[in-house]
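Just so you know, all these numbers are worked out from the coordinates, no wet-lab data involved. Just so it is clear, the structure is predicted and the values come from calculations on it, not from any experiment. FYI the Cβ positions are ideal-geometry reconstructions off the backbone, even for glycines, and counts take in every protein chain you see.
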Amino acid sequence: MKRTNITIAKILAVLLLAVLSLNTAGAAVLKKGVSKAAPLTQAYVWYDGDRERQVWLDPQVVAEFKPGPQGESSIRSAYAAATVMHTKRRQGAVRLWKLNDTAATTVIRSLKTIHPQGKYSAVLHDGPSGAGRMRALPGNIIVYLDPQWDKTAVSNWLGSHKLEIVKKLEIGPNIYVIKTGPGLEALDTANMLYRSGEVKAAFPDWWQEVVTR
């Protein structure tokens, strides 16, 4: 009877070690898979005042602003396998769509034809991996003009660039939200204006992921 108890104890010990080994191996594989999928390679520049910053394109995520039934049907027409991403915190008036491959920019181009009234954007991260905070471009940019300009100078500048004011921000003289389309068009417009040297600052009116501290 004593030998039987010893034998059972040995068997249980062997089984326990086997389970622990499997769990450890599984965790290692999962960790390896996540780290392998995480790196992002396509970087973009934007200007935070006079400070150059970088963001990295996530080729597998599309942001839909002011989401609705038509937006969903349009996404599925452009990419039938798209699925809604579930985030830890509610992200406001935006719906994030996950794709199975690197098709985000192609899907957004298709959406401009399928649903031109929709607002869709590539998703970018603050770091070169999917772990970085997400950003997207719902449209419009914020521009700081010369504070010495009067209304005529502002109007002439807007006309020369065929730009339209959405609203004036009361955080300083001659700071405006300027109308642009959604997506990378907003980033390109902001960068073009800043690099022209005609403005003090120009950057997208970013949507940013809500994160917990």
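Just a few scattered comments:
- When the GluC sites (Glu not before Pro) in segment 129-186 are filtered for DSSP coil states and for at most 16 other beta-carbon atoms within 10 Å of their beta-carbon, the remaining sites are E164, E170.
- Projected label distance in nm at A93 and N156, using a 7 Å step from Cα toward the beta-carbon: 3.6
- Under-5 Å amide H pairs with R133, H placed in peptide plane, nonlocal only: D126, G127
- A DSSP coil position with no more than 16 other Cβ atoms inside 10 Å describes the following trypsin sites (Lys or Arg not before Pro) in segment 70-164: K88, R89, R90, R133, K162.
- Counting Lys and Arg as +1 and Asp and Glu as -1 over every other residue whose Cβ lies under 9 Å from the Cβ of V55, the net charge comes to +1.
- Taking amide H as placed 1.01 Å from N in the peptide plane, A202 has its amide H under 5 Å from the amide H of G49, Y144, each at least 5 places away in sequence or on another chain.
- Taking label positions 7 Å along the Cα-Cβ direction at both M85 and R195, the computed distance is 2.7 nm, reported to one decimal.
- Cα Rg over Rh - segment 141-208, Kirkwood: 0.93
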